[in-house]
1. What is the Cα convex hull volume of the stretch 2-81 when expressed per residue in Å³?
2. Show me the chymotrypsin sites (Phe, Trp or Tyr not before Pro) within the stretch 30-83 that DSSP assigns to loop and that have at most 16 other Cβ atoms within 10 Å of their Cβ.
3. Please sort by residue number the GluC sites (Glu not before Pro) in the stretch 1-66 whose DSSP state is loop and whose Cβ has at most 10 other Cβ atoms within 10 Å.
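Derivation of every value follows stated rules applied to the coordinates shown; laboratory data play no part. No experiment lies behind these values; they were computed from the predicted model shown. We place every Cβ from the backbone using ideal geometry, glycine too, and count neighbours over all the protein chains shown.
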Amino acid sequence: MQTTIQEQVVLVVVFGICWAPFHTDRLMWSFIDEWTSIQLEVYKYVHVVSGVFFYLSSAVNPILYNLMSTRFREMFKEVMCHRPRHPVPRKQSLSVTRVTLRSILSEATPINGIAGLHEDKEHETTFP
């Protein structure tokens, strides 16, 4: 539990650092009506830095998750290397029970009033 809180704090702090220049840029643009040469130079610098940090925030998230989360590393290896995952005993299941529209409709609509016989093709729905 403590580790999860620490991970979240790190992610929020990094997110804040990465987005602070962007918000500074927007605030300067919104509230300065008459620009002095110094303000314009500062704005130009902040604008470039905000663009870099804006994109850096997207790139740094996977790196942080990799450094802090064993589960992320396991799932990443499984997806990228197409290796079957060796189950690790856990206190909670990570799987989610999925119910499809087809299974719900098939269970709810008996054919000729006989429970247990269902015509799946009639209710099959495909999604792109």
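1. Values: hull volume 7.5 nm³, N = 80.
Enclosed volume per residue, from the Cα hull, is 93 Å³.
2. Passing sites in the stretch 30-83 are TRP35.
3. Numbers: sites: GLU7, GLU34, GLU41; in loops: GLU34.
Hits after loop and neighbour filter: GLU34.
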